[in-house]
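Just below is one structure, and these are the notes that go with it.
The values are calculated or read from the model by the stated rules, or taken from the named source; none is laboratory data. None of these values were measured; they are calculated from a predicted model. Virtual Cβ from ideal backbone geometry, glycine too; neighbours counted across all protein chains shown. These accessible areas exclude ligands, DNA and RNA; they are computed on the full protein's heavy atoms, side chains included. Shrake-Rupley method; radii C 1.70, N 1.55, O 1.52, S 1.80 Å.
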Amino acid sequence: FSDDGALDLDSTDRMVDFCLDSGVDGLTILGIMGEATKLTAEESRVFAKRVLDRVRGRVPVIVGASAPGFAPMGELAKSVMDMGAAGVMVAPASTLRTDDQIIAYFDMVSETLGSQVPWVLQDHPVSTGVQMATPVVLRIMKNSPSCVMLKHEDSPGLAKLSAIRAASDRGEVRRLSILAGNGGGLFLPEELSRGADGAMTGF
């Protein structure tokens, strides 16, 4: 941001260039740990477009679409997919408490996004306050074919990671990509040994 709070899009270009020069396989923007929740809808679209224009298809870009309501979630998702995003990422709303509420919420996420939008299930209870047990994650995966990835950030969550991989090995659910991010990679060796495919972490 600039000193007056406006988006600093020149520094956005430098940030994207740095990440690409460092050899990342993809980018995630507008995540829940940054300032995305403080942006207006138009600022979110402007920022996403700037990143996608700078990347120019060299790596996939996932855009965080978590929102207090389904209407803004769907609007942002459609907008960024039209711009060339590879998919969107959604975390559970902080008001969810029971397993049934969480499952119903993500059923509505799938309906809102539609079958053509690939999406990432973000499991980060430290920031959302929502605990998603392994059976809940597996149910969400079964209910939504367009959920293609789990961002696994339940710390340390190694047993959950192993259980999800075991379920896919038994054919109970399809195999999804799992990217970990706990503590900036603090547990990455253990997560990889449990079946994570890589890291998606912001720090």
statement: Among trypsin sites (Lys or Arg not before Pro) in the range 143-181, those in a DSSP loop whose Cβ has at most 10 other Cβ atoms within 10 Å are Arg170
query: Taking only the alpha-carbon atoms of the chain, what semi-axes of the equivalent ellipsoid follow from 5 times the gyration tensor eigenvalues under a square root, in whole Å, largest first?
result: 27, 20, 16
- request: With a 1.4 Å probe and every protein chain left in place, work out the accessible area per residue of the chain in Å², rounded to a whole number.
  value: 50
message: Given a 1.4 angstrom probe, I'd like the percentage of the accessible area of the chain that is carbon and sulfur, rounded to a whole number.
response: 54
field: Extension reserve of the Thr12-Gln131 stretch, reckoned as 0.36 nm per residue once the Cα distance is removed
entry: 39.5 nm
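Quick one: length gained pulling Val46 to Arg97 fully straight, 0.36 nm per residue minus the C-alpha distance?
The Val46-Arg97 span can extend by a further 15.0 nm.
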statement: Whole-Å distance linking the alpha carbon centroid of the range 39-81 with that of the range 145-193 is 25
- prompt: What does the charge dipole of the range 1-77 about its Cα centre add up to, to the nearest 20 debye, if the Cβ of each Lys and Arg holds +1 and the Cβ of each Asp and Glu holds -1?
  reply: 320
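As an exercise, identify the GluC sites (Glu not before Pro) in the range 1-70 lying in DSSP coil whose Cβ has no more than 15 other Cβ atoms within 10 Å.
Qualifying residues, ordered by number: Glu35.
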